1. Please sort by residue number the GluC sites (Glu not before Pro) in region 76-153 whose DSSP state is loop and whose Cβ has at most 15 other Cβ atoms within 10 Å.
2. Please name whichever of N109, P39, V61 sits farthest to the positive end of the charge dipole of the chain, dipole taken about the Cα centre and charges placed at Cβ: Lys and Arg +1, Asp and Glu -1.
3. How large is ³J(HN,Hα) for each residue in region 27-42, as worked out from phi by the Karplus curve 6.51 cos²θ - 1.76 cosθ + 1.60 (θ = phi - 60°), to whole Hz, x for Gly and Pro?
4. Kirkwood hydrodynamic radius, computed over distinct alpha-carbon pairs, for region 13-152: how many Å, to one decimal?
5. Which of the peptides 87-96, 16-25, 2-11 is most tightly packed, and how do the rest follow, judged by the mean count of other Cβ atoms within 10 Å per residue?
6. Per residue of the chain, what 222 nm ellipticity follows from adding -39500 (n - 2.57) for every DSSP H run with n ≥ 4, rounded to the nearest 500?
7. So what are the ³J(HN,Hα) numbers for region 121-127, from phi and the Karplus equation (6.51, -1.76, 1.60; θ = phi - 60°), rounded to whole Hz, Gly and Pro as x?
8. Any idea what diffusion coefficient region 19-68 gets from Stokes-Einstein, in µm²/s, Kirkwood Rh on alpha carbon pairs, 10 °C, 1.306 mPa s?
Amino acid sequence: MTLDIGSAAPDFVLKNQHGEDISLSSYRGDKNVVLVFFPFAFSGICTGELCEIRDNLDEFVTDGVEVLAISCDHFFSNRAFADRDGYTFSILSDFWPHGDVSRAYGTFNDGAGAPNRGTFIIDREGVLRWQVVHGIGEARNLSDYRAALAEIS
């Protein structure tokens, strides 16, 4: 399943690395949201991608934009991952029911039991404005996020 640009983004409530419930709808009317699905905490490509976001976070997290990263790892694993690499943005756990949010966004990889590398930009009204999905072994390009955000901000 793929989502259509211009359609309402599926809402969700997931626990972040601190065990706090985070909902997509809580940003409605306030911030654009960059959802970054990643397969596995502590893996090479995932670490590289999230460290790149961490190192450029001031370009993304502003008064008008929030970054939310999502994996199917348990929130305890996500906490250790975030603490180790200094991620200050929310790392959300799609652990149980396993992969439900990843499935809703069309990124769940049944063979791996984890999401593919999907990125979705949702505007302040909860509407999907941009998306890209890559396979587990294919890194994304951060400059693509910048260009997409520039168009909707």
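Derivation of every value follows stated rules applied to the coordinates shown; laboratory data play no part. Since the structure is predicted, the reported quantities are computational estimates derived from the model, not experimental observations. Here the Cβ positions follow ideal geometry from the backbone for every residue, glycine too, while neighbour counts run over all protein chains shown.
1. Details: sites: E125, E138, E151; in loops: E125, E138.
Taking region 76-153 and a limit of 15 other Cβ atoms within 10 Å, the loop GluC sites (Glu not before Pro) found are E125, E138.
2. Projecting each Cα onto the dipole axis, the largest value belongs to N109.
3. 8, 4, x, 10, 9, 6, 10, 9, 8, 10, 7, 9, x, 9, 4, 6
4. Value: 14.8 Å, from the Cα pair sum.
5. Per-residue Cβ counts within 10 Å, averaged per peptide and sorted highest first, yield 87-96, 16-25, 2-11.
6. Details: 5 runs with 43 residues, N = 153.
After summing the helix terms and dividing by residue count, I get -8000 deg cm²/dmol.
7. For region 121-127, the Karplus-derived couplings read 10, 10, 7, 4, 8, x, 9 Hz, x marking Gly and Pro.
8. On the way: Rh = 12.2 Å.
Translational D for this selection: 131 µm²/s.
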